[in-house]
């Protein structure tokens, strides 16, 4: 069911889950302050509880309350690839990131999606817990129609003119003073090598 940003904002603030477009694939989002809504993402996807979600944001400054420190190289990565198809995983401030979002792990991932409709929604809601719009281990939705096929025609989907690429974001983890590719996606290893020094990037 196609909805606009005002309707999406209302549903999220009331504790609902909404499907949203991004530059890569469609995602499911919920308020980071609503535990039942976060649980619902796991339930809808049949996602194992030991697999974390990520947090979508609209501005890099929003990371700071959720992490311990901004590691070396993060500013360059953010400047070059956000908004875009790069997910960055940092050591989490465990007091401010709900344990269910990070699946009790000491880390948490962030992304700023390159999609104007979703960015506008994020500016209204603030940071949102997110995962891809699919049943776990199945293909993620790349259109409103895909999302409706997966979760039903009454499921709320934010309207958008963007056509996602269908290629997942690249995931970078910062651990032990080095960045490590956890999943190579739209951002290639070669693109990352051009920014990061050999001393802080495991190729």
Kindly indicate the residue of segment 63-77 that is touching a residue at least 24 places away in the same chain (Cβ under 8 Å) and in contact with a strand residue (DSSP E or B) (Cβ under 8 Å, 6 or more places away or on another chain) and also nearest to residue 166 (Cα to Cα) among those meeting that condition. 77
In segment 2-30, how many are assigned to a loop (DSSP other than H, G, I, E, B) and closer than 16 Å to residue 142 by Cβ? 6
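One line per residue, one yes/no per condition, for (1) closer than 29 Å to residue 8 by Cβ; (2) assigned to a strand (DSSP E or B); (3) touching a residue at least 24 places away in the same chain (Cβ under 8 Å):
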position	(1), (2), (3)
103	yes, no, yes
109	yes, yes, yes
135	yes, no, yes
145	yes, no, no
153	yes, no, yes
Confirm whether residue 181 is crowded, with 17+ Cβ neighbours inside 10 Å, free of Cβ contacts under 8 Å to residues at least 24 places away in the same chain and either in a loop (DSSP other than H, G, I, E, B) or under 22 Å from the mean Cα position of the chain (by Cα) (or both). yes
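Residues checked against (1) surrounded by fewer than 18 Cβ atoms within 10 Å (Cβ to Cβ); (2) touching a helix residue (DSSP H, G or I) at 6+ places or on another chain (Cβ under 9 Å); (3) under 15 Å from residue 59 (Cα atoms); (4) modelled with pLDDT of 95 or more:
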{"residue": "104", "(1), (2), (3), (4)": "yes, no, no, yes"}
{"residue": "117", "(1), (2), (3), (4)": "no, yes, yes, yes"}
{"residue": "123", "(1), (2), (3), (4)": "yes, no, yes, yes"}
{"residue": "135", "(1), (2), (3), (4)": "yes, yes, no, yes"}
Can you tell me which residue among 172, 195 is closer than 16 Å to residue 84 by Cβ and either in contact with a strand residue (DSSP E or B) (Cβ under 6 Å, 6 or more places away or on another chain) or at pLDDT 95 or above (or both)? 172
Criterion first (over 20 Å from residue 166 (Cα atoms) and either modelled with pLDDT of 95 or more or surrounded by fewer than 22 Cβ atoms within 10 Å (Cβ to Cβ) (or both)) does residue 86 satisfy it? no
Does residue 130 count as under 26 Å from residue 42 (Cβ atoms) and part of a loop (DSSP other than H, G, I, E, B)? no
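The values are calculated or read from the model by the stated rules, or taken from the named source; none is laboratory data. These numbers come from a predicted model, not from an experiment. Here the Cβ is made from the backbone with ideal geometry for all residues, glycine too, and neighbour counts use every protein chain on show.
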